[in-house]
Amino acid sequence: MRIRELTEADLDAYWTLRLRALREEPEAFGSAYEESKDRPLADVAARLRTIAEAGNFILGAFDDGGEDGGQPDERLLGIVAFERAPGKKNRHIGDIFQMYVASEARGKGYGRALMETLIARARALDGLEQLILAVVTSNTAAIALDRALGFEVSGVQRKALKLSDDHSQDEQLMVLWL
């Protein structure tokens, strides 16, 4: 596996995986597949540029070709995004979002590698004191990983995501003090 920052050159692979995440795990994200699927690629590319220009990033976890010594196939299997709060009073806070690992790559260390790389990069940023994230309370695997990485619960937002008129998801708010 290889972890690296995504660029506009990764646009197709990123957007394909992002839409898959929204389609397959609708309860885990604030964005909805139905609202995102027809978004023009030019808008997605502009967003990737804007993220990078602001000093923020999206990391990708790639399959490096496996253990057979073959050529890397550069298959994107996981993503996670980081965005630092822009204001003078909250630039000490970094937000983690869009965390997703494809089902076929789960349990193989992709999520941990993405998060460890993000945390290491965040620690190197001047003045950043905390990382925050929100995870649906039903995602016990993600919560266990976040706790293992040192995140602690800072609260719960009840009915944070409304999936339908009669179905909502609570989110656990977590923080890692750098």
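The values are calculated or read from the model by the stated rules, or taken from the named source; none is laboratory data. What you are looking at is a predicted structure, and each value in this text was computed from that prediction instead of being measured. Cβ: placed from backbone, ideal geometry, glycine included. Neighbour counts: every protein chain shown.
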All positions within the stretch 1-17 that are surrounded by 16 or more Cβ atoms within 10 Å (Cβ to Cβ) and of a type in the set (Gly, Ala, Ser): Ala13
Among (1) within 17 Å of the chain's Cα centre (by Cα); (2) modelled with pLDDT of 95 or more, the one test that Asp43 misses: (1)
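Could you tell me whether Glu171 is under 26 Å from Gly55 (Cα atoms) and out of contact with any helix residue (DSSP H, G or I) (no Cβ under 8 Å at 6 or more places or on another chain)?
Details: under 26 Å from Gly55 (Cα atoms): no; out of contact with any helix residue (DSSP H, G or I) (no Cβ under 8 Å at 6 or more places or on another chain): yes.
No.
Condition check: on the phi < 0 side of the Ramachandran plot, at pLDDT below 95, hydrophobic (A, V, I, L, M, F, W, C) and assigned to a strand (DSSP E or B). Does Ala160 satisfy that?
yes
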Given (1) touching a residue at least 12 places away in the same chain (Cβ under 8 Å); (2) under 18 Å from Asn139 (Cα atoms); (3) not acidic (Asp, Glu), index of the condition Ala32 fails: (1)
Lone unmet requirement of (1) buried (at least 16 other Cβ atoms within 10 Å of the Cβ); (2) within 20 Å of Ala85 (Cα to Cα) for Asp146: (2)
Residue within the stretch 111-122 that is within 25 Å of Arg23 (Cα to Cα) and among the polar types (S, T, N, Q) present: no
